[in-house]
Amino acid sequence: MSAQVAGVEESEVRVQEAGYKHLLAIADLEGDDIIRLLDSTRSFAEVSTRSIKKVPALRGRTIVNMFMEPSTRTRMSFELAAKRLSADVINFSPTTSSVSKGESLKDTAKTIVAMGVDAVVIRHKSAGAPKKLTEWLDCSIVNAGDGMHEHPTQALLDLYTMRERMGRLEGLKVAIVGDIDHSRVARSNMLALNKVGASVLLVAPRSLLPEGIEKMGAETTGSLDEALRWCDVLYLLRIQMERVNESRFPSLREYTLEYGLTEQRWESLEKKPLVMHPGPMNRGVEIASSVADEVESVITGQVAAGVAARMAVLYDVLGGSRE
Amino acid sequence: MTFRARARVLDTEDIARIVKRISHEILERNKGSKDLALIGVHTRGVFLAQRLADTIDSIEGNHVDMGSLDVSLYRDDVSMRPAPKVEVTRIDFDLAGKTVVLVDDVLYTGRTTRAAMDAMMDFGRPESVQLAVLVDRGHRELPIRADYVGKNVPTSGNEKVKVSLKEVDGVDMVEIGEEEQ
């Protein structure tokens with residue numbers, strides 16, 4: 001899972017972290033940490049309802065958004081979160097930068113931090129890139145999605161949404177449907193839900209489940225209909241279209257038939273679960289367009305919760321003084 | 001760190017009398033409860049504000065607006081690691097034209113009050129702001145004073161004032177003492 005960043009050797013000596021706090025993975029957190037972050041997410045959600053949507057908590061702090069992979073909503077969400085906390089934000093994207101001239105991640109990051117920043121929010125195609133940054137840089141690092149490893153802030157906003165909508169997390173039955181093997185969202189959510197006492201059922205064709213997943217404590221099934229009878233929350237993953245042509249993937253039509261939330265499936269349900277999706281939805285693939293319309297408010301609610309959850313995370317890593 | 005109490009400066013009855021007295025003082029100063037609002041500073045200020053609001057309601061027979069304020073995002077003296085827990089701020093009435101009484105348990109350096117005023121101003125522009133505290137322990141670092149004081153308690157800098165209220169601590173009292181490692 002901790003694949004190396006391309007072209008970088010695992011360093012022998014880990015540089016001592018000089019009291020910087022990071023958010024790298026849900027796997028690093030205890031259940032209590034997650035609950036504490038969800039509690040403070042609720043407080044930060046209130047800030048976004050004010051007429052002046054800004055508090056001075058991180059005034060004078062500088063945050064760099066380093067998105068080395070395309071992303072609109074996560075980047076905007078982090079940017080808004082930082083701005084609502086009064087931090088200064090620099091956005092960095094590889095197409096407009098020296099990365100296109102072949103600069104390594106390490107050099108790029110070092111250059112940025114030499115300008116005096118307090119935190120780097122990083123999205124990178126390689127698992128483990130955020131962790132590498134903690135060894136190289138004297139500042140806080142927040143993982144905004146690394147390869148097929150983790151996407152911790154997505155899990156926090158999802159758990160927040162579940163708790164707000166369902167009133168609890170403990171004992172909640174959550175089915176996650178889709179390409180589990182390639183999904184950092186699924187991984188972070190599964191880990192987080194386990195830590196707070198919810199039960200998780202993974203729903204996917206055998207070929208899209210990681211090997212040995214049962215050993216991680218997750219139940220699996222190949223039947224969406226079985227999962228629908230069981231779950232309180234149905235979490236649909238986005239089908240990444242670039243993977244569809246890989247041999248392990250069934251055809252789209254086949255996928256929709258077996259694992260899509262079709263209109264017929266939805267209408268036949270007596271007890272309808274809370275339907276969630278990390279967005280953007282492929283209408284007609286993992287979810288029928290009419291069903292998507294019906295459950296849209298939850299999914300836009302997830303987006304709004306994203307800003308609050310990221311405020312909670314940025315405040316958690318940067319708030320308070322550095323001793 | 002544990003708190004070692006040296007003396008109890010207020011007990012249950014004292015606090016009940018103070019709440020009653022300050023309620024009357026607020027009404028006297030503002031000539032009634034029209035356009036009056038109470039805003040408590042988290043955590044214990046909120047419960048004191050609620051008690052004052054209930055008392056004023058029962059004296060005047062009408063309803064006084066009440067809100068709560070978390071000031072941790074507005075502080076300039078945060079030296080806690082990790083960052084303090086942020087409570088929910090709730091001001092669901094219009095501040096314009098209101099006389100707001102900020103309520104806190106202990107007035108010390110004045111920095112919490114400064115932060116509370118900044119936080120409140122982001123919600124609107126009250127007509128005027130007054131300050132009510134259960135205990136004023138001195139040592140101000142800013143030009144701030146309270147309009148309503150439960151009790152002045154002279155302290156030294158290394159002493160601690162511990163306020164306990166029924167709603168969170170199960171008992172009403174104020175003690176003075178030292179923190180021990």
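A few notes on this one:
- Chain A: relative contact order as a whole-number percent, Cα under 8 Å and 6+ apart: 22
- GNM top mover of B:ARG137, B:ARG90, B:ARG145 - chain B, alpha-carbon springs below 10 Å: B:ARG90
- Averaged over peptide A:33-42, the number of partner chain Cβ atoms lying within 10 Å of each residue's Cβ comes to 2.
- Calculated P(r) tail over 21 Å for the stretch A:153-304, as whole % of Cα pairs: 38
- Loop-located GluC sites (Glu not before Pro) in the stretch A:214-308 whose Cβ has at most 14 other Cβ within 10 Å (DSSP): A:GLU246, A:GLU270
- With all projection directions averaged, the alpha carbon convex hull of the stretch B:1-55 covers 5.1 nm².
- Which of A:PHE44, A:PHE92 has the fewest Cβ neighbours within 10 Å, and the rest in rising order: A:PHE92, A:PHE44
- By the helix-only formula, in which each DSSP H run with n ≥ 4 contributes -39500 (n - 2.57) and the sum is divided by residues, chain B has a 222 nm mean residue ellipticity of -8500 deg cm²/dmol.
- GNM on chain A, alpha-carbon springs under 10 angstrom: the most fluctuating residue among A:ILE299, A:ILE122, A:ILE112 is A:ILE112.
- Rounded to the nearest 10 degrees, the inclination of helix B:44-60 to the longest alpha-carbon principal axis of chain B is 40 degrees.
- The string of couplings for the stretch A:299-308 from the Karplus curve (6.51, -1.76, 1.60, θ = phi - 60°) is 6, 5, x, 4, 5, 5, 5, x, 5, 5 Hz, one whole number per residue in order, with x for Gly and Pro.
- The HN-Hα couplings worked out from phi for the stretch B:114-128 by the Karplus form 6.51 cos²θ - 1.76 cosθ + 1.60 (θ = phi - 60°) are 4, 4, 5, 5, 4, 4, 5, 5, 5, 9, x, 10, x, 5, 7 Hz, whole numbers, x standing for Gly and Pro.
- Annotation for the stretch A:235-275: trypsin sites (Lys or Arg not before Pro) lying in DSSP loop with at most 10 further Cβ atoms inside 10 Å of their Cβ are A:LYS271.
- Three-way shape label, chain B, alpha-carbon gyration tensor, a/c 1.5: oblate
- Of B:VAL163, B:VAL103, B:VAL133, the residue with the greatest mean-square motion in the GNM of chain B, using alpha carbon springs below 10 Å, is B:VAL163.
- The Rg/Rh ratio of the stretch B:17-81, with both radii computed over alpha carbons and Rh defined as the Kirkwood radius, is 1.09.
- Across chain A, the volume of the C-alpha convex hull divided among the residues equals 144 Å³ per residue.
Rule-based calculations on the coordinates, nothing more; no lab input. It should be emphasised that the depicted structure is a prediction, and the values quoted were computed from it without experimental measurement. A quick note on method: Cβ atoms are made from the backbone with ideal geometry, for glycine too, and the neighbour counts reach across all protein chains shown.
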